[in-house]
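The values are calculated or read from the model by the stated rules, or taken from the named source; none is laboratory data. Here the structure is a predicted model, which means the values were calculated and not measured. Virtual Cβ from ideal backbone geometry, glycine too; neighbours counted across all protein chains shown. With ligands, DNA and RNA removed, areas are computed over all heavy atoms of the protein, side chains included. Shrake-Rupley method; radii C 1.70, N 1.55, O 1.52, S 1.80 Å.
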Protein chains: 2
Amino acid sequence: MEAYTVFKDLAIIIIIAKVFGILARKCRAPQVVGEIIAGLLIGPCVFGWVSQTVFLTEMAEIGVILLMFSAGLETDLKELIKTGPVAFLIACCGVFVPLICGAGLYMAFYGVAPWGSEEFYKAVFMGTILTATSVSITVQCLKEMGKLKGHVGTTILSAAIIDDVIGIVVLTFVIGFKSPDSNPLQVVISTLLFFVFAIVVGFIAFHIFAIIDERYTHTRRIPITGFAFCLAMAYVAERYFGIADITGAYVAGIILCSVKDAEYIARKMDVNSYMLFGPIFFASIGLKTNIDNLTMDIFIFSIAFVAVGLISKIVGCGLMARICRFKGNDSLKIGVGMMTRGEVALIVAQKGLSVGLMSPVYFTSVIFLIIVSSIATPIILKILYAAKQEDLIEMDPYNT
Amino acid sequence: MEAYTVFKDLAIIIIIAKVFGILARKCRAPQVVGEIIAGLLIGPCVFGWVSQTVFLTEMAEIGVILLMFSAGLETDLKELIKTGPVAFLIACCGVFVPLICGAGLYMAFYGVAPWGSEEFYKAVFMGTILTATSVSITVQCLKEMGKLKGHVGTTILSAAIIDDVIGIVVLTFVIGFKSPDSNPLQVVISTLLFFVFAIVVGFIAFHIFAIIDERYTHTRRIPITGFAFCLAMAYVAERYFGIADITGAYVAGIILCSVKDAEYIARKMDVNSYMLFGPIFFASIGLKTNIDNLTMDIFIFSIAFVAVGLISKIVGCGLMARICRFKGNDSLKIGVGMMTRGEVALIVAQKGLSVGLMSPVYFTSVIFLIIVSSIATPIILKILYAAKQEDLIEMDPYNT
């Protein structure tokens with residue numbers, strides 16, 4: 001067992017991600033874009049210096065947990081409650097429009113399948129992959145621009161969280177028709193139970209934290225206990241309720257966001273995040289990519305898949321936002337902010353593979369979607385925000 | 001692959017280690033002692049909540065790297081050069097006295113073996129296990145007391161680093177007599193080459209850092225680049241020169257210790273360390289312990305082994321320190337500070353196992369030595385320092 005071999009991977013990831021992050025800034029694009037490109041470069045696609053290992057996967061998972069926890073901590077709870085109902089409507093459109101469009105695309109390529117047939121479910125499954133927004137890149141991007149706490153930022157975040165939950169329910173429904181051991185009703189129940197659990201635990205945890213915080217403001221034990229709480233919530237969500245771990249971490253953040261030291265906790269999390277876990281998470285998206293098995297057919301399907309994936313989210317979420325009386329520019333921001341896909345899409349694809357609803361050749365399409373959306377979202381968001389305010393770089397609250 | 005399962009382990013380690021760390025402070029013992037005890041409790045010895053996984057081993061390795069890098073960063077270079085020759089003498093005694101005593105102990109238990117026989121090398125090997133000081137616990141303990149930069153602290157650190165190197169050379173010599181593929185001369189050469197390499201790279205890296213630092217003081221890129229440099233040095237040391245990775249990390253710290261932002265880098269490293277990696281490293285010592293195969297014979301041998309291990313270091317290093325004109329109390333501090341054993345002892349034991357110089361039953365003895373020395377050293381050090389100054393708690397530069 002030679003533990004030191006991971007040091008090489010870590011050193012390469014950290015330094016290349018930072019260099020490309022800085023280069024991205026110089027081109028006025030968000031840092032995350034640079035970090036994802038860094039992952040592509042050092043991964044099997046280009047230089048092959050680093051390959052995705054179990055260790056890096058787990059580190060990346062901690063990275064996304066930290067990101068979501070920190071997003072939760074920075075949530076304005078009043079704003080969240082205010083945006084809740086609207087976010088729910090946006091999330092619903094953000095799930096069903098891509099679901100229908102994805103299924104339609106598959107049928108457009110491979111022929112219309114009759115309701116209930118094997119091919120029909122395969123088409124629906126392709127739509128299911130498109131449902132879940134991966135908000136982490138949007139979060140990081142809004143954070144870089146100092147826009148996470150605003151009305152639009154909170155709406156995107158709440159909608160993305162709700163859309164994750166709906167997406168998981170849809171996935172379970174689709175799979176439920178194929179495999180007998182998946183029970184859609186049970187998924188709905190356990191999802192509801194998780195939120196009941198979160199409210200009860202949240203109430204208790206908040207009061208315990210408030211007491212500790214009162215006595216030991218700005219001591220190490222506050223962020224340490226907070227971090228442990230976040231990990232525990234992520235674990236419990238996934239292990240006992242079948243909810244994504246990132247949702248658990250986000251909920252943990254929301255529970256603690258009104259504690260006096262919330263900002264102090266977030267700051268300590270950020271150090272962990274930007275020093276190590278963040279770069280690993282963003283670079284790992286690029287690391288996962290392997291274009292060895294790409295054929296022309298799949299390539300063309302992939303392009304259509306990516307286009308449908310992006311446009312259906314923008315249209316679905318954007319239109320609903322507009323209906324809910326957001327301004328035109330803000331509706332577009334919401335649509336674009338919701339279009340990123342990430343690890344959840346991969347998890348869904350993996351699930352489809354294992355139950356025989358998806359052929360492995362479509363993995364490349366999913367990864368394309370993740371990369372294109374991850375790179376396009378931050379750039380477009382930045383342009384949309386810059387349309388109103390000149391020179392966002394100046395407003396950057398972080399030093400890089 | 002279910003990455004979320006590690007969250008449970010991490011949450012348990014972080015929270016239990018913190019609670020026991022705080023309890024240890026309340027009993028006026030250093031925090032590390034609490035963290036090691038926490039590892040024992042949650043590990044297979046007592047409750048079995050967490051077991052040592054490959055992931056935790058790698059996290060612990062990053063933990064010890066961070067610790068050593070941070071120790072290097074806080075080094076007073078002038079003091080190091082001043083203490084160098086004395087540290088070398090202390091290290092030599094710290095290697096050869098335990099080596100002889102350990103071999104003697106084995107012969108006392110199992111009969112005197114003739115020079116050059118199989119049993120003779122087994123006895124010498126038992127002594128070899130006792131040679132390498134694991135300075136990380138002493139470092140953490142001196143840090144907690146704010147004594148890392150002093151004359152005694154720097155001497156202990158330099159001596160421990162040198163003793164690591166001598167220990168590795170001795171190990172290679174002993175194994176060289178058994179296996180044909182290990183060449184003692186080559187080890188000496190590659191050790192020398194590493195220090196030549198470190199000086200050349202150090203000279204270049206220092207100047208590059210000084211330039212970056214001048215332009216971007218207190219920006220994130222400084223600690224990030226520093227951390228990447230530390231990982232790279234740790235990797236290169238172990239991979240290309242056969243030197244322990246922790247030595248590489250420490251050398252990286254020393255190279256950067258005169259950079260203007262050294263303290264800023266160290267502070268950011270500390271956040272990573274105390275939030276996650278530190279507790280994992282210290283708890284993992286306890287996690288490794290498994291007392292299932294313990295017999296009475298081995299138990300008695302272990303007690304003697306631990307006693308000889310501790311006393312031979314105190315006597316060897318302490319006496320040489322006294323000869324080098326340290327005061328009585330300071331000599332004792334140096335002896336005690338050098339008596340901790342850690343992962344290097346385990347690595348040596350593993351090596352002995354693989355070449356057939358050690359039976360696996362003695363693993364328990366080695367782990368006993370690590371645990372006892374890890375718990376005893378900080379407590380005794382604290383008492384020795386408190387003998388001069390009352391109430392060290394008040395001087396604690398860290399909030400816990």
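Compute a Gaussian network model of chain A, connecting alpha carbons closer than 10 Å, and tell me which residue from A:Val112, A:Val315, A:Val344 fluctuates the most. For chain A, modelled as a Gaussian network with Cα springs under 10 Å, the answer is A:Val112. The trypsin sites (Lys or Arg not before Pro) found in segment B:131-173 that occupy coil by DSSP, while having at most 16 further C-beta atoms within 10 Å, are B:Lys149.
Seen from A:Gly318, the other residues with C-beta closer than 12 Å to its C-beta sum to a net charge of +3, counting Lys and Arg as +1 and Asp and Glu as -1.
Dipole size of the protein assembly as shown about its Cα centre, with +1 on Lys/Arg Cβ and -1 on Asp/Glu Cβ: approximately 1260 debye, rounded to the nearest 20. Taking loop as defined by DSSP and a crowding limit of 15 other beta carbons within 10 Å, which trypsin sites (Lys or Arg not before Pro) in segment A:240-294 fit? For trypsin sites (Lys or Arg not before Pro) across segment A:240-294 that sit outside H, G, I, E and B with at most 15 neighbouring Cβ atoms in 10 Å, the list reads A:Lys260.
Only helices enter the 222 nm calculation for chain B: every DSSP H run of n ≥ 4 contributes -39,500 (n - 2.57), and dividing by all residues gives -25500 deg cm²/dmol, rounded to 500. Give the residue from B:Val201, B:Ile42, A:Thr133 lying farthest towards the positive end of the charge dipole for the protein assembly as shown; charges sit on Cβ (+1 for Lys and Arg, -1 for Asp and Glu) and the dipole is referred to the Cα centre. Comparing the listed Cα positions along the dipole, B:Val201 ranks first. Along the charge dipole of segment B:258-298, Cβ charges K/R +1 and D/E -1, which of B:Met275, B:Leu287, B:Tyr264 sits furthest on the positive end? The residue sitting farthest along the positive end of the dipole is B:Tyr264. Overall, the anisotropy analysis places segment A:19-112 in the oblate class: the square-rooted eigenvalues a ≥ b ≥ c of its C-alpha gyration tensor yield a/c not less than 1.5, with a/b not exceeding b/c. Legend: calculated FRET efficiency, A:Ile291 to B:Ile323, from the Cβ-Cβ distance at R0 = 60 Å, rounded to 0.05, equals 0.35. Positive-end ranking of B:Val64, B:Ile383, B:Gly84 along the dipole of segment B:5-395, with charges on Cβ about the Cα centre, is headed by B:Ile383. Local charge sum around B:Ala132 (other residues, Cβ-Cβ under 10 Å, Lys/Arg +1, Asp/Glu -1)? Charge balance in the 10 Å sphere: -2.
Springs between Cα atoms under 10 Å define the GNM used for chain B, and in it the highest mean-square fluctuation of B:Gly226, B:Gly48, B:Gly84 occurs at B:Gly48. Charging the Cβ of each Asp and Glu at -1 and of each Lys and Arg at +1, and nothing else, the dipole of chain B about its Cα centre rounds to 700 debye. Checking every one of the chymotrypsin sites (Phe, Trp or Tyr not before Pro) in segment B:46-114 against DSSP loop status and a limit of 16 other Cβ atoms within 10 Å picks out B:Phe47, B:Trp49. Between the alpha-carbon centres of segment B:58-125 and segment A:237-293 there is a gap of 41 Å.
Highest GNM mean-square fluctuation among B:Pro279, B:Pro378, B:Pro44, for chain B modelled with Cα contacts below 10 Å: B:Pro44. Taking a ≥ b ≥ c as the square roots of the eigenvalues of the Cα gyration tensor, an a/c ratio below 1.5 marks chain B as rounded.
Using a 1.4 angstrom probe and counting only protein chains, how large is the accessible area of B:Val251 in Å², to 10? It works out to around 20 Å².
Phi-derived couplings, Karplus 6.51 cos²θ - 1.76 cosθ + 1.60 at θ = phi - 60°, listed residue by residue for segment A:330-347: 5, 4, 5, 4, 5, x, 5, x, 8, 7, 5, 10, x, 4, 5, 4, 5, 5 Hz, with x used for Gly and Pro. Label point of A:Val355 (7 Å along Cα→beta-carbon): distances to the other copies' equivalent points are 5.6 nm, sorted ascending. For segment A:213-269, the Cβ-based charge dipole about the Cα centre amounts to some 200 debye (Lys, Arg positive; Asp, Glu negative; other atoms uncharged). Legend: distances between Cα atoms for B:Lys149/B:Lys313; A:Lys143/A:Lys327; B:Lys147/B:Lys382; B:Lys288/B:Lys333; B:Lys149/B:Lys333; B:Lys122/B:Lys351; pairs beyond 20 Å are B:Lys149/B:Lys313; A:Lys143/A:Lys327; B:Lys288/B:Lys333.
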